[in-house]
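The structure appears below as structure tokens.
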Amino acid sequence: MELVKNRVLMEDLEKTAKTFAETDEFVKLMTLYRCAIMEIETKLRVLDAEFSLQYDRNPFEHIESRLKNPVSIVEKMHRRNIPITVRDMERELYDIAGIRVVCSFIEDIYKLADLLVEQDDVLLVQKKDYIVSPKPNGYRSLHMIVDIPIFLSEGKKHMKVEVQFRTIAMDFWASVEHKLKYKKQLKNQDEVIDRLQKCASILSSLDDEMENLRLQIDMDEENGRE
Ligand code: 0O2
């Protein structure tokens, strides 16, 4: 019964999302979020270029960006009892524009994040540090919501963007967990959860070890120069 109810609800949400996404207002707002992503991506790429000169390594491995899809938007608004209007969507959802920055080292995550929010036109709205405090399932990442201005012909507009910073190890875990999570009716759900937590813990130790290795190499290089 519950499964049928969920399927009917999902079909309703998909229909609502389709109509909602076809409105001019929605299309316009999504274009503005795309511009906001471009702004933040440029800022991160500039920092990457400068950082690589200073520290002789690139702070991030790669960047991905995405606009939240209309079904996810409508599902989240429904879940949070937010009226399905473009104005409420802009006011209440902070993760419509999303950027994921995948770094090699944890230290680089914090350096990059600090350098980004120190910029005059970037305002930090919210920070969730799932590296210091991982989620109970083992998920780790640094999430920041930032507000940035974009400059349009009709003037300046402030937009919110979610930036997720992760190491390669955190990204590996999150993408595998994401795939497994969507497999329906797992037979040994508890065992899977337990094993995923163990994987998260192994990957966390791996990140620490890689960080120590880098510190050691940097120190050896410095001593060699003296
Ligand atoms: P999509 O499809 O990219 O939009 P929410 O869970 O969204 O209602 P909140 O507070 O916005 O609430 O979430 P939070 O904790 O800041 O993180 C949301 C995003 O972080 C998710 O996006 C994922 O990208 C990632 N994330 C958070 N927790 C997990 C997790 O346990 N496993 C994995 N694999 N990713 C996670 P959406 O909205 O799910 O996806």
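Here are a few things to note about the model shown:
- Flag if residue 222 is within 16 Å of the chain's Cα centre (by Cα) and either in a helix (DSSP H, G or I) or in contact (Cβ under 8 Å) with a residue 12 or more places away in the chain (or both): no
- Within the range 98-138, the set of residues being in contact with a Phe, Trp or Tyr (Cβ under 9 Å, 6 or more places away or on another chain) and of a type in the set (D, E, K, R) comprises 100, 108, 111.
- Out of 175, 201, one residue alone is within 26 Å of residue 65 (Cβ to Cβ) and not in a loop (DSSP other than H, G, I, E, B). It is 175.
- The requirement of being on the phi > 0 side of the Ramachandran plot and without any contact (Cβ under 8 Å) to a residue 60 or more places away in the chain is satisfied by residue 155.
Yes or no, residue by residue, for (1) more than 19 Å from residue 67 (Cα to Cα); (2) aliphatic (A, V, I, L, M); (3) in contact with a Gly (Cβ under 7 Å, 6 or more places away or on another chain):
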site	(1), (2), (3)
123	yes, yes, no
130	yes, no, no
133	yes, no, no
136	yes, no, no
139	yes, no, no
145	no, yes, no
148	no, yes, no
154	yes, no, no
162	no, no, yes
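- Test result for residue 93, surrounded by 13 or more Cβ atoms within 10 Å (Cβ to Cβ), more than 16 Å from the ligand (Cβ to nearest atom), modelled with pLDDT of 95 or more and among the hydrophobic types (A, V, I, L, M, F, W, C): no
- Only residues that are farther than 20 Å from residue 94 by Cβ, surrounded by 14 or more Cβ atoms within 10 Å (Cβ to Cβ) and within 14 Å of the ligand (Cβ to nearest atom) were counted across the range 111-138, and they come to 2.
- Only one of the numbered conditions (1) within 11 Å of the ligand (Cβ to nearest atom); (2) surrounded by fewer than 20 Cβ atoms within 10 Å (Cβ to Cβ); (3) in a helix (DSSP H, G or I) is violated by residue 73, and that is (2).
- Residue 81 passes every criterion in (1) within 13 Å of the ligand (Cβ to nearest atom); (2) more than 17 Å from the chain's Cα centre (by Cα); (3) not in a loop (DSSP other than H, G, I, E, B) apart from (3).
The values are calculated or read from the model by the stated rules, or taken from the named source; none is laboratory data. In this text, all values refer to a predicted model and were calculated from it rather than measured experimentally. With ideal geometry, Cβ positions are generated from the backbone for all residues, glycine too; neighbour counts draw on all protein chains shown.
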